[in-house]
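K.L.:
Please see the structure below; I have some questions.
No value in this document is a laboratory result; all are computed from the given coordinates. Remember, predicted model here, so these are calculated numbers, not experimental data. We place every Cβ from the backbone using ideal geometry, glycine too, and count neighbours over all the protein chains shown.
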Amino acid sequence: MRKKTLKNIIYLYGMSVSKIMFSLLTLPYLTRVLTTDSYGIVSYVKTIMSYMQLIVDFGFSYSATKDIVEATKIGKEDIEKVVGNTLLAKIILVIIAFIILFIISLFIPILKENILFTLLSFIPVASTILLFDFLFKGLEMMHVSTTRFVVTKTISTVFTIILIKNDSHILLIPILDIIGTIVAGLLVMWEMSKLKIKLRFTSLKESIIKLKESAVYFLSDFSTTAFGALNTVVIGMYLSKTEVAYWSLVTYMLSAVMSFYTPITGGIYPDMVAHKTFSLVKKLLRFFMPIIFLGCIFTLVVAKYALIIIGGQEYAAATSLLRAMTPLLALSFPVMLIGWPTLGAIGKAKEVTTSTIISAVFQATGLIFLVIIDKFSLLNIATVRLLSETVLLSVRTFFCYKNRYLFSDYKTKKSTA
């Protein structure tokens, strides 16, 4: 593994650890000062915002990153064109996302009843178009993203603990996020000025082309998020706000652990695009999977106590749900690793998207089936979620084996055989 790639992974780990630390400060605090109903509302709106964020991002974290990697081989002007055209495309996406949010808010009771909270929560999502993470990821300068994240989350976390005391203060949650995003944008602009990178717009037509090119990445990301987010959305329609809170806390705890996978998959992506060596993937699987299995066993043992520590005594009722969902920790790492960093790096973006869509359709079908047979419970939803992840891993493994000849080390092995 190249030194620059390792450095990139370390900084991404720094961001993941920071996310966990800040969440461990704010989440237990919010679950204690807010009622389960109010925390359910906050969690539900955040879930909807994850969909809005996907629309705004539209897969550019991969497609634009790849464009930046390729542009660095040509010149600074090409980098500026990628940045400018991507920004213009994202402005279009912000408008589309807002229209969608406004329409669904008319039909989903939780959003309609908390419309101001919902609209305020959208502003930080829209503001992320000015963070340009794809630029720094492509330049392998993830320390920029890590630094601005730590600074801004420190601000919002401190003020959350100082200002939010009960249910009547929940509007302050998105307002503090807005302030944090503004500070983050200013830090990013400062870093770009140091690099002397300007915004260079080519044309609206070029931005539309970028949208079309990134659509395949968006479909994959959207389908992936459908696993977790769709569950929360449907739970909010059929079950109580308290059950939304239980599901949200459990999925948060699992996501917190799985966020440690992202620095690895994100960190090796530029290296895999450049060198396409499958041996790196195998080394990572051999090293991390035993650790993950031990982590799963540990989670099963301490599930109840972990829920009480993080959420409070009233969340102990979700113990069986957390234990049922624990196998996701073992399934998700190979799923993520074989996805964009592996198949995407060898030009098989379509296969990544196809695998994700197949799994998402399986997930949606399973949820519909549970509703039809009147078995729509948290534990049954967890079962469907695990089966969907298994389908995803199976399909991606098949595509990886089918296209093994595209990896450089496989070619080398064949030529020396």
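K.L.:
Name the shape class, rounded, prolate or oblate, that the alpha-carbon gyration tensor gives for the chain, where a ≥ b ≥ c are the square roots of its eigenvalues, rounded holds for a/c under 1.5, and otherwise prolate holds if a/b is larger than b/c and oblate otherwise.
P.N.:
Cα axes put the chain in the oblate bin.
K.L.:
Using the Cα gyration tensor of the range 260-300, with a ≥ b ≥ c the square roots of its eigenvalues, what is the shape: rounded (a/c below 1.5), prolate (a/b larger than b/c) or oblate (neither)?
P.N.:
It comes out oblate by the Cα gyration axes.
K.L.:
Let me ask something else about it. Select from the range 180-284 those chymotrypsin sites (Phe, Trp or Tyr not before Pro) which occupy a DSSP coil region and have at most 16 other Cβ atoms within 10 Å, ordered by residue number.
P.N.:
PHE201
K.L.:
Would you list, by chain and number, the aspartates and glutamates whose Cα falls below 20 Å from the Cα of LYS165, excluding same-chain residues fewer than 8 positions away?
P.N.:
ASP37, ASP177, GLU314
K.L.:
Can you classify the range 211-335 as rounded, prolate or oblate using the Cα gyration tensor, where a ≥ b ≥ c are the square roots of its eigenvalues, rounded means a/c under 1.5, and otherwise it's prolate if a/b beats b/c and oblate if not?
P.N.:
Cα axes put the range 211-335 in the oblate bin.
K.L.:
Please compare each pair in LYS137/LYS350; LYS73/LYS137; LYS282/LYS350; LYS73/LYS348; LYS283/LYS304 to a cut-off of 25 Å on the Cα-Cα distance and tell me which ones are over it.
P.N.:
LYS283/LYS304
K.L.:
Measuring from label point to label point, each 7 Å out along Cα→Cβ, what is the ILE308 to LEU130 span in nm?
P.N.:
The two pseudo-label positions are separated by 4.6 nm.
K.L.:
Quick one: check the C-alpha center-to-center distance for the range 234-285 versus the range 357-406, whole angstrom.
P.N.:
15
K.L.:
Count neighbours as other Cβ atoms within 10 Å of each site's Cβ, and list the trypsin sites (Lys or Arg not before Pro) in the range 307-405 that are DSSP loop with at most 12 such neighbours.
P.N.:
Hits after loop and neighbour filter: LYS375.
K.L.:
Follow-up question, since we're still on this one. Please compute the length gained on full extension between PHE369 and LEU285, using 0.36 nm multiplied by the number of residues separating them and subtracting their Cα-Cα distance.
P.N.:
Contour length minus Cα-Cα distance gives 26.8 nm.
K.L.:
May I pose another question? Only sites in a loop by DSSP and with at most 12 other Cβ atoms within 10 Å count here; which trypsin sites (Lys or Arg not before Pro) in the range 35-89 make the cut?
P.N.:
LYS73
K.L.:
Starting from the 7 Å offset along Cα-to-Cβ, what nm value, one decimal, do you get for the label separation of ASN403 and ILE162?
P.N.:
That separation, rounded to one decimal, is 5.0 nm.
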